[in-house]
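J.: Could you have a look at this structure, given as structure tokens, before my questions?
The values are calculated or read from the model by the stated rules, or taken from the named source; none is laboratory data. Keep in mind that this is a model prediction, so the values were computed, not measured. For accessibility, only protein heavy atoms count, side chains too; no ligands or nucleic acids. Shrake-Rupley method; radii C 1.70, N 1.55, O 1.52, S 1.80 Å.
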Amino acid sequence: MALQWLILTYVVAAEVAIAVILTLPYPMLLKKRVVSLVSLILQPAASIVAFAGFQLLDIYWKNEHRLECSSEVCTATERDRYEKSIYKAQRNVVLCAAGILLYWCIHRICKYNKDLEHLEELEKRCKAE
């Protein structure tokens, strides 16, 4: 059960590392190569969006069908278990949202850098004419 959250945690950590690498100031040649490498990785990595979305739906379904411990019959242990499951669900929602948001940020950073490179080429051609 926890394997999918472990995988998602590692993917989000990798996305954070990639986002940091993309935003560091590099020489232009190195920057172009890093952006092209990350762009090649982005298309297969798009599955993280579907995976995180599925996990969000799973959390929603479990939240809607969760047994609530609100009566006086519940013991302290049952209430603690209920509260712990709520906290885990909230943590997992934040993890899924971070995965989707970071993927989008990386995608936009790469697109921005590619557009910038294209505009620089256009400027060089215009100056050459």
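J.: Over the range 78-129, average the accessible area per residue using a 1.4 Å probe and give it in Å², no decimals.
T.: 78 Å²
J.: May I ask for the equivalent-ellipsoid semi-axes of the range 1-128, computed as the square root of five times each C-alpha gyration tensor eigenvalue and listed largest first in whole Å?
T.: 45, 12, 11
J.: Now a separate question. Given a 1.4 Å probe and every protein chain left where it sits, what share in percent of the accessible area of the range 1-128 is carbon and sulfur?
T.: Percent of accessible area from carbon and sulfur atoms in the range 1-128: 67.
J.: Next up: Ordering I21, I48, I86 from largest to smallest accessible area (1.4 angstrom probe), what's the sequence?
T.: Output order, biggest surface exposure first: I21, I86, I48.
J.: Next question. Would you list the membrane-span-like helices of the chain, meaning whole DSSP H runs whose alpha-carbon atoms span at least 18 Å along their axis and whose mean Kyte-Doolittle value is at least 1.0?
T.: Long hydrophobic helices here: 3-23, 28-45.
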